[in-house]
Amino acid sequence: MTHDGMPYMVLLYYKYVPIANPERFVEDHRLLCQQLGLKGRILVAEEGINGTVAGEVGPIQQYQAALRSDQRFADLEFKISSGDASTFPKLMIKVRKEIVTLGLKEDVDPNENTGTHLSPESWKQMIDEGGDEVILFDARNRYESDVGFFEGALRPEIEHFRDLPKVVDDYAHLKGKKILMYCTGGIRCEKASALFQKEGFENVYQLHGGIVSYLEQVGRDHWKGDCFVFDQRMVVPDDFALADEPAGRCEQTGKPTRNLINCLHVPCHRLFLVSPDELAAHPEYELCPGCQKQGITMETADRGGKTQSSEEAG
Ligand SMILES: [Zn+2]
């Protein structure tokens, strides 16, 4: 796929590599991004870097060159998608303990221990030939797999990646199977696959480059719906999926939809799917089914204060 003539580009990348002084690195990196007029979200830790960065094509290319000129990132892989100036309203660069928070008691280093990487082509082949031995596992959050997923995948009902360790036991009966694990860009599977291996799963694989690379390189075989992203776009159907019926279902009516909203009740703020037509006719559908069940109404809903924002990515 070429991206010539694209006025605006979004880069998705990560790498687990030691960064000795993350605070210092962040200072320098913020300057670089500001000079290039880039927006987005970059997390830096002693274990590596995880970024989604948006900007005009020229500056984005300069940014890629600048990163790759650093020995540690010489082999950095960038996944590219389209966006516009509203994709990321601001620039956020922060130091974190982990570049994606899993919060294991004993942390793992994906450079030493991780599931076997499968290229998108090999991934498809494995599914084509796999039969009962192959178990697809979605390592993302519930609201992400609601809008799109690999057909037949196990989709844990977790709201945060850090909740994954709590549900691993639910899949203990699958320890002898081939577990094919995937996420958006690949980063979450690096540690999630290591966690599964540690828990005794014998054959754990991960989709290299994640769903984004699969859709770009292989297409939509075995995939249903859209790919959720953690920015203003919410999903990236642009090149992939818009012609298809959405895989998601309105939680209020069961109608097909790709429209994700946050529950109106701020203390809940749950992301869920609602058909926009139904919402227009029934404003109370802006309250998630759980809140409605608890008796919260349009009158009693807490609409105030700050909204939460998620830093999970990839
Ligand atoms: Zn709610």
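Would you mind stating whether Glu129 is in contact with a Lys or Arg (Cβ under 6 Å, 6 or more places away or on another chain), of a type outside the set (S, T, N, Q) and within 23 Å of His173 (Cα to Cα)? Spelling it out, it is not the case that Glu129 is in contact with a Lys or Arg (Cβ under 6 Å, 6 or more places away or on another chain), of a type outside the set (S, T, N, Q) and within 23 Å of His173 (Cα to Cα).
Would you point out which residue out of Gln252, Gln292 is assigned to a helix (DSSP H, G or I) and within 16 Å of the ligand (Cβ to nearest atom)? Of the residues listed, the single one that is assigned to a helix (DSSP H, G or I) and within 16 Å of the ligand (Cβ to nearest atom) is Gln292.
Restricting the search to strands (runs of 3 or more DSSP E) fully inside the stretch 126-209 and requiring at least 2 residues that are more than 15 Å from the chain's Cα centre (by Cα) and closer than 27 Å to Asn262 by Cβ gives an empty result. With respect to Leu264, determine if the residue is under 24 Å from the mean Cα position of the chain (by Cα), touching a residue at least 12 places away in the same chain (Cβ under 8 Å) and within 13 Å of the ligand (Cβ to nearest atom). So Leu264 passes the test. Only residues that are surrounded by 24 or more Cβ atoms within 10 Å (Cβ to Cβ) and in contact with a helix residue (DSSP H, G or I) (Cβ under 6 Å, 6 or more places away or on another chain) were counted in the stretch 205-218, giving 3. Between Val147, Val134, Val100, the distinction of being touching a Phe, Trp or Tyr at 6+ places or on another chain (Cβ under 7 Å), over 26 Å from Tyr16 (Cα atoms) and crowded, with 17+ Cβ neighbours inside 10 Å belongs to Val147 only. Against the test of being assigned by TED's automatic domain parsing to the domain that holds Gln217, farther than 18 Å from Asp169 by Cα and hydrophobic (A, V, I, L, M, F, W, C), the options Phe137, Phe150 yield a single qualifying residue, Phe150. What do you reckon, is Glu245 surrounded by fewer than 20 Cβ atoms within 10 Å (Cβ to Cβ), more than 16 Å from the ligand (Cβ to nearest atom) and modelled with pLDDT of 90 or more? No: the conditions fail for Glu245.
The sole residue among Glu46, Glu23 that is surrounded by fewer than 15 Cβ atoms within 10 Å (Cβ to Cβ), in the same structural domain as Leu91 (by TED's automatic domain parsing) and at pLDDT 95 or above is Glu23.
Check the stretch 127-141 and report whether any residue there is touching a Ser or Thr at 6+ places or on another chain (Cβ under 8 Å) and aromatic (Phe, Trp, Tyr). No, that holds for no residue. On inspection, Arg41 does not qualify as among the basic types (Lys, Arg), at negative phi and surrounded by fewer than 21 Cβ atoms within 10 Å (Cβ to Cβ).
The values are calculated or read from the model by the stated rules, or taken from the named source; none is laboratory data. From a predicted model like this one, the values you see are computed outputs, not experimental measurements. Note that each Cβ is placed from the backbone with ideal geometry, even for glycine, and that neighbours are counted across all protein chains shown.
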